[in-house]
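The structure under discussion appears below in the form of structure tokens.
Nothing in this text is a laboratory measurement; each read-out follows from the coordinates by a stated rule. These figures come from a predicted structure and were not determined experimentally. Every residue, glycine as well, gets a Cβ built from its backbone with ideal geometry; the counts of neighbours run over all protein chains shown.
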Amino acid sequence: MDTVLRYRSRDVSAADVAFIGGLIAGDPGTSRRALSLRICAEWNWMQSNGAPCDGVCRQLLLVLHRTGHITLPASKRPNWSSRPQPARRNRKPVEIPSTPLEARLSEIGPVEIRQVRRTPEEAMVNSLIAEHHYLGYVQPVGEHLKYLVTARGQPVGCFYWSSAPLRLDLRDEYIGWSKAARQANLPLVAYQSRFLILPWVRVPHLASHLLGRMSRQLSADWERVYAHPIHFVQTFVDPSLYRGICYRAANWTYLGMTAGRGNNAPTQEQNRSLKQVYGYALVKNFRQRLCSVG
């Protein structure tokens, strides 16, 4: 196959590009979303829950457009193709109760963890992350869930969980993945991209308690939304800011330190800060499940 590019584990051939170009030429007035949905249907490019991979497909179309392989029809939504990512971080703050909470874990009463993606409370979680997490707000890509943690009737923390990075040597070696097994089973791994305890909350052991609660809740929530479970989770910790104590206390496994460069780094030189990598198995036979192919 004459591969033009590889995008999110999918090889895009010259024939694929010609097919897309034919769709555009045949209906030049079509919208980009309609084009994306048509391609998803023709390629049977669907999520596990049966929904088309519309967002990922539109990103692929934009890459092909910017690299000169196709010419997309004019966007019917102003600035859809050129909207800068930082603008997504500049969200209007949501008014959040911030009553100081300092107590023992046993004293704060019931702690509730709610999945809030696509609910009215999603904006609150986004605002909390934007205002109080050191990495700020970035919209997760691919499959993802968002959680709001409340106690005594007010927010105390939140989580983002999203699709796992395609490659991570420390994780892949720990699981024992072959390339084929990783490609087949990567959706069964989730990445904790944000975890926040609000700065006015001082409750010892709350963080490890929440990690333990999430390990029992996440897979079932994921299966309800995406029609497949999660068997393993991972995260990164910046050791210049945090020591990872809550992960160790919640029995996460320390997998090692990153090399300080991304998968697409042009050289072997470090180009970003080193991170600790932690992982946690949600099922006992996770290696058997994640290494199975076919």
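With point charges of +1 on the Cβ of Lys and Arg and -1 on the Cβ of Asp and Glu, referenced to the Cα centre of the chain, which listed residue (GLN217, VAL293, TRP45) lies farthest in the positive direction of the dipole?
GLN217
Can you find, among VAL63, ILE245, TRP200, the residue sitting farthest towards the positive end of the charge dipole of the chain, where Lys and Arg contribute +1 and Asp and Glu -1 at Cβ?
The one lying farthest along the dipole's positive direction is TRP200.
Once phi is turned into ³J(HN,Hα) by the Karplus curve 6.51 cos²θ - 1.76 cosθ + 1.60 with θ = phi - 60°, what whole-Hz value does each residue of segment 110-119 show in order, with x for glycine and proline?
So the Karplus estimates, Gly and Pro as x, are x, 10, 10, 10, 10, 6, 10, 4, 6, 10 Hz.
With +1 on the Cβ of every Lys and Arg and -1 on the Cβ of every Asp and Glu, and nothing else charged, how large is the dipole of segment 145-242 about its Cα centre, in debye rounded to the nearest 20?
Here segment 145-242 has a charge dipole of around 260 debye.
Alpha carbon centre of segment 279-294 versus segment 90-164: separation in Å?
So the separation of the two Cα centres works out to 29 Å.
I need LEU37, LEU166, LEU128 ordered by Cβ neighbour count within 10 Å, fewest first.
LEU166, LEU37, LEU128
Which listed residue (PRO100, ALA34, ILE230) has the Cα farthest towards the positive end of the charge dipole for the chain, taking +1 on Lys and Arg C-beta and -1 on Asp and Glu C-beta about the Cα centre?
The one lying farthest along the dipole's positive direction is PRO100.
Can you compute the helix-only [θ] at 222 nm over the chain? Use -39500 (n - 2.57) per DSSP H run of at least 4 residues, normalise by all residues, nearest 500 deg cm²/dmol.
-9500 deg cm²/dmol
When only Cα pairs under 8 Å and 6 or more residues apart are kept, what is the percent relative contact order across the chain?
It rounds to 15 percent for the chain.
With θ taken as phi - 60° and the coefficients 6.51, -1.76 and 1.60, list the Karplus ³J(HN,Hα) couplings across segment 191-199 in order, rounded to whole Hz; mark glycine and proline as x.
Once rounded to whole Hz, the list reads 10, 7, 8, 9, 9, 9, 9, 5, x.
Once the Cα atoms of helix 54-66 and of the chain are each reduced to a long axis, what angle between those two axes, in degrees from 0 to 90 to the nearest 10, is obtained?
That works out to roughly 60 degrees.
Sort VAL125, VAL12, VAL201 so that the residue with the fewest other Cβ atoms within 10 Å of its own Cβ comes first and the one with the most comes last.
VAL12, VAL201, VAL125
Given the convex hull over the Cα atoms of segment 3-66, what projected area results after averaging over all orientations, in nm²?
4.2 nm²
Based on Cβ point charges of +1 for Lys and Arg and -1 for Asp and Glu, what charge dipole magnitude is obtained for segment 109-290 about its Cα centre, in debye rounded to the nearest 20?
Here segment 109-290 has a charge dipole of around 320 debye.
Which value, in debye to the nearest 20, describes the size of the charge dipole of segment 3-66 about its Cα centre when Lys and Arg Cβ atoms bear +1, Asp and Glu Cβ atoms bear -1, and nothing else is charged?
For segment 3-66, the charge dipole is close to 240 debye.
Name the most mobile residue of LEU105, LEU206, LEU188, meaning the one with the largest mean-square fluctuation, in a Gaussian network model of the chain with Cα contacts below 10 Å.
In this elastic network of the chain, the residue with the biggest mean-square fluctuation among LEU105, LEU206, LEU188 is LEU105.
Using only Cα atoms, locate the centre of segment 178-197 and the centre of segment 220-250, then give the distance between them in Å, rounded to an integer.
10 Å
Note down the relative contact order for segment 134-269 as a percent, whole number, built from C-alpha pairs under 8 angstrom at least six residues apart.
The value is 23 percent.
What's the FRET efficiency of ALA18 with ALA184 using the Cβ-Cβ distance as r and R₀ = 41 Å, to the nearest 0.05?
Once the sixth-power term is evaluated, E becomes 0.90.
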